[in-house]
Amino acid sequence: MDFIAHIRERDKRVQTVKEHLLGTKDLAEVHGEKLGIKHIVGLAGLLHDLGKFSMEFQNYIRLAVENPERAPRRGTVDHSTAGAKLLYEMFHDPAKDFSLYTATLAEVVGNAIISHHSYLRDFLSPVLSSDYLRRVHDGLTPQFWRISAKS
């Protein structure tokens, strides 16, 4: 199955999630190289729309194109938490010996991913609760991971 990232309005051309993520990664790396952070921003580009591999997003985008007069409200499907959740799970595993620097960098990149349709968020509240941790712990259903693992 080809997962859809975008459908252009004027000619209905489909851009797959794979094309979109790889293209964004390449573009981010060009700009990031100038700052010496090519691979960091490339990773963010590669993971920024990972949630588009969900059936929920696929249904959402098809409905929006097929029924524009009754399209779902833009932004109703969270497609940005998935990449941050993946980074969190990979680099905060107590069984692995990652440095605090690596774990912190994973959170910084995760924040950029979660925030990519808005301003960067300040996820730490004055009472030290963390919306970032809430999103990466509770943000996705197991169904997403079953689907994306097969892709």
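Brief remarks on what is shown
- In summary, ASP26 fulfils each of the numbered conditions (1) within 23 Å of ALA103 (Cα to Cα); (2) assigned to a helix (DSSP H, G or I) with the single exception of condition (1).
- Top-ranked residue in the stretch 40-52 [being part of a helix (DSSP H, G or I) and not aliphatic (A, V, I, L, M); ranked as farthest from ALA82 (Cα to Cα)]: GLY42
- Close pairs from the stretch 1-25: first charged (D, E, K, R), partner open to solvent by less than 40 Å² (accessible area, probe 1.4 Å), Cβ under 6 Å, at least 6 apart: ASP2/THR16; LYS25/GLY42; LYS25/GLY45
- Considering residues of the stretch 73-96 that are farther than 16 Å from ALA5 by Cα and open to solvent by less than 60 Å² (accessible area, probe 1.4 Å) only, the residue nearest to the chain's Cα centre (by Cα): ALA84
- Scan the stretch 47-67 for residues that are open to solvent by 30 Å² or more (accessible area, probe 1.4 Å), of a type outside the set (Val, Ile, Thr) and closer than 16 Å to VAL14 by Cα and the total you get is 7.
- Test: PHE98 is modelled with pLDDT under 85, touching a strand residue (DSSP E or B) at 6+ places or on another chain (Cβ under 9 Å) and of a type in the set (A, V, I, L, M, F, W, C): no
Here's the yes/no breakdown for (1) in contact with a Leu (Cβ under 8 Å, 6 or more places away or on another chain); (2) β-branched (Val, Ile, Thr); (3) surrounded by fewer than 21 Cβ atoms within 10 Å (Cβ to Cβ):
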| residue | (1), (2), (3) |
| --- | --- |
| THR24 | yes, yes, yes |
| GLY32 | no, no, yes |
| HIS39 | no, no, yes |
| GLY45 | yes, no, no |
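- For the stretch 5-22, a residue qualifies if it is open to solvent by 20 Å² or more (accessible area, probe 1.4 Å) and either touching a Cys at 6+ places or on another chain (Cβ under 9 Å) or outside any loop (DSSP other than H, G, I, E, B) (or both), and the qualifying residues are HIS6, ILE7, VAL14, GLN15, THR16, LYS18, GLU19, HIS20, LEU22.
- Residue within the stretch 53-61 that is without any contact (Cβ under 8 Å) to a residue 60 or more places away in the chain and in a loop (DSSP other than H, G, I, E, B) present: no
- Against the test of being of a type in the set (D, E, K, R) and modelled with pLDDT of 80 or more, the options ARG74, ARG121 yield a single qualifying residue, ARG74.
- In the set (1) under 18 Å from ASP131 (Cα atoms); (2) open to solvent by 40 Å² or more (accessible area, probe 1.4 Å); (3) within 12 Å of the chain's Cα centre (by Cα), the condition left unmet by THR104 is number (3).
- Hits in the stretch 62-87 - residues which are assigned to a helix (DSSP H, G or I) and in contact with a Lys or Arg (Cβ under 9 Å, 6 or more places away or on another chain): LEU63, ALA64, VAL65, THR81, ALA82, ALA84, LYS85
- Close pairs (7 angstrom Cβ cut-off, 6 or more residues apart or separate chains): on the phi < 0 side of the Ramachandran plot and at pLDDT 95 or above in the stretch 35-47, part of a helix (DSSP H, G or I) and basic (Lys, Arg) anywhere: GLY42/LYS25; GLY45/LYS25; LEU46/LYS25
The values are calculated or read from the model by the stated rules, or taken from the named source; none is laboratory data. Since this is a predicted model, take the numbers as computed values, not measurements. As a convention, Cβ positions derive from the backbone with ideal geometry for all residues, glycine included, and neighbour counts pool all protein chains shown. Each accessible area value is taken on the protein alone, full model and side chains, heavy atoms only, with ligands, DNA and RNA left out. Shrake-Rupley method; radii C 1.70, N 1.55, O 1.52, S 1.80 Å.
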